[in-house]
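Below is one structure, written out as structure tokens; comments come after it.
The values are calculated or read from the model by the stated rules, or taken from the named source; none is laboratory data. Being a predicted model, the structure only gives us computed values, none of them experimental. Because the Cβ atoms are built from the backbone with ideal geometry, glycine has one as well, and the counts that use them run over all protein chains shown. Remember, those area values only see protein heavy atoms, side chains included, never the ligands or the DNA or RNA. Shrake-Rupley method; radii C 1.70, N 1.55, O 1.52, S 1.80 Å.
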Amino acid sequence: MIEGGGSKTLALAKTWLFAHRAAAHELLGRVAEVAAQFLVGQVRAGAQALQVFESWAGELSPQDFAEFSLPYLALIAERVKAVYPEVPMTVFAKGAHYALELLATETLYDVVSLDWTVDPRTARARVNAAVAAARPGAGPRSVVLQGNLDPTILLGDEETIRERTAAMCRSFGHSGHIANLGHGMMPSHDPERLRVFLETVHSSSAELRCQVAK
């Protein structure tokens with residue numbers, strides 16, 4: 001919208017943020033409101049779950065994310081939940097590993113999606129601790145984690161895909177996990193490799209459920 005095209009430095013967008021802060025916040029607020037209206041429309045049209053992507057979050061420092069991104073991600077969820085509180089919402093702020101606690105405690109998203117650079121065990125511990133600290137004496141808010149296999153693993157052989165996918169499932173533990181890639185599919189991906197990923201997710205999940213049952 002500001003760059004007018006692709007950019008490796010995002011220089012124009014960041015100039016807008018830092019040189020025209022008031023106008024930047026006004027624009028971001030308008031974009032958030034429109035996004036929320038669009039998502040509400042999607043639910044009315046039959047969508048049963050929603051995901052909000054903040055694909056350039058990793059280009060912002062923690063301070064700038066807290067100022068220019070987090071409030072508007074929170075606003076989108078607030079607006080949608082005011083109309084459809086029962087519809088599960090996921091947020092995926094790619095590269096914003098520093099903001100897991102904020103996303104879990106200062107927004108209304110039900111699911112926080114992780115990219116492949118985040119260790120699931122660490123993410124689980126951080127999110128659980130933040131949620132517990134934010135709600136002392138109250139029932140814990142359930143925040144599910146999603147992710148986070150490196151998509152390039154699907155370029156490997158089937159054995160590697162099975163091995164790394166099973167390890168990913170184990171690393172998230174026994175509760176509150178939606179298995180997914182840590183980002184999107186690539187044009188060069190072979191759909192058969194995705195089939196191997198999905199089959200392994202199913203078998204690994206079954207093993208984890210058996211462990212819990214015991």
So if each residue of separation counts as 0.36 nm, and I subtract the Cα-Cα distance between residue 106 and residue 83, what length gain in nm does that give? 6.4 nm
Could you give the size of the charge dipole of the chain about its Cα centre, using +1 on the Cβ of each K and R and -1 on the Cβ of each D and E, expressed in debye and rounded to the nearest 20? 500
Candidate residues 55, 113: accessible-area rank, largest first, probe 1.4 Å: 55, 113
Straight distance only, please: which aspartates and glutamates reach the Cα of residue 81 with their own Cα at less than 19 Å, same-chain residues fewer than 8 apart left out? 33, 54, 106, 110
Where the eigenvalues come from the Cα gyration tensor of the chain, what are the semi-axes √(5λ) of the equivalent ellipsoid, largest first, in whole Å? 31, 22, 17
Lys and Arg at +1, Asp and Glu at -1: neighbours of residue 10 with Cβ under 12 Å from its Cβ sum to -1
Give me the percent of accessible area attributable to carbon and sulfur for the chain, probe 1.4 angstrom. 57
Looking only at 164, 44, 121, which one moves most when the chain is put into a Gaussian network model with springs between Cα atoms under 10 Å? 44
Could you state the accessible area per residue of the chain in Å², with a 1.4 Å probe and every protein chain left in place? 55
For an R0 of 25 angstrom, estimate the FRET efficiency from the Cβ-Cβ distance between residue 64 and residue 155 and round to the nearest 0.05. 0.15
